[in-house]
Amino acid sequence: MARRGEASQLQRVTLSFQLHQRLQSLARRFAKNPNLAFGVAVLVAVSTLAAFAPLVDRADPLKLSPYERLSPPSAKHWFGTDPTGRDLYSRTVHGARLSLLVGFSVVVAVSVVGGALGLVTGYSVIRGFL
């Protein structure tokens, strides 16, 4: 029984070491390419804002305020307002949410369709249909 526990402990240490090596490799890659690090940081920030859009929006993105139309950026409206008085920050955050949802949906759909076509084509070539 002791050997099984020791083997399990050894596996955990090995996995921990492998994870540490991969994280170091990733850190070196980011250090070599600051544009990659910046792009990943922007993607993470936008994704986080989009995921928590209902919690971080400052106003209803569809609410019309004709008295506040075309107002410049302020403490109340961080990005200002559009010609109908809607808060641009809220509209941007909610728009990012929709854009990321559409983007990820397209990636999944294309991956499924492409994978299916690749499987069919590969199988037909192996079997001599094509």
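The values are calculated or read from the model by the stated rules, or taken from the named source; none is laboratory data. These numbers come from a predicted model, not from an experiment. Positions of Cβ are backbone-derived with ideal geometry, glycine not excepted, and every protein chain shown enters the neighbour counts.
Rundown of residues vs (1) surrounded by 10 or more Cβ atoms within 10 Å (Cβ to Cβ); (2) modelled with pLDDT of 90 or more; (3) within 17 Å of the chain's Cα centre (by Cα); (4) farther than 29 Å from Gly95 by Cα, yes/no style:
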| residue | (1), (2), (3), (4) |
| --- | --- |
| Gln11 | yes, no, no, yes |
| Leu15 | yes, no, no, yes |
| His20 | yes, no, no, yes |
| Leu26 | yes, no, no, yes |
| Phe38 | yes, yes, yes, no |
| Ala41 | yes, yes, yes, no |
| Arg58 | yes, no, no, no |
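Which residue is farthest from Val56 (Cα to Cα), if the candidates are limited to segment 76-93 and must be within 28 Å of the chain's Cα centre (by Cα) and among the small types (Gly, Ala, Ser)?
The residue in question is Gly80.
Restricting attention to segment 94-130, report how many residues are farther than 30 Å from Pro61 by Cβ, basic (Lys, Arg) and either under 28 Å from the mean Cα position of the chain (by Cα) or not in a helix (DSSP H, G or I) (or both).
Selection size over segment 94-130: 0.
Does any residue in segment 107-130 that is free of Cβ contacts under 8 Å to residues at least 24 places away in the same chain come within less than 9 Å, Cβ to Cβ, of a residue that is assigned to a helix (DSSP H, G or I) and surrounded by 10 or more Cβ atoms within 10 Å (Cβ to Cβ) six or more places away or on a different chain, and which pairs are these?
From residues that are free of Cβ contacts under 8 Å to residues at least 24 places away in the same chain, the pairs are Phe129/Tyr123; Leu130/Thr121; Leu130/Ser124.
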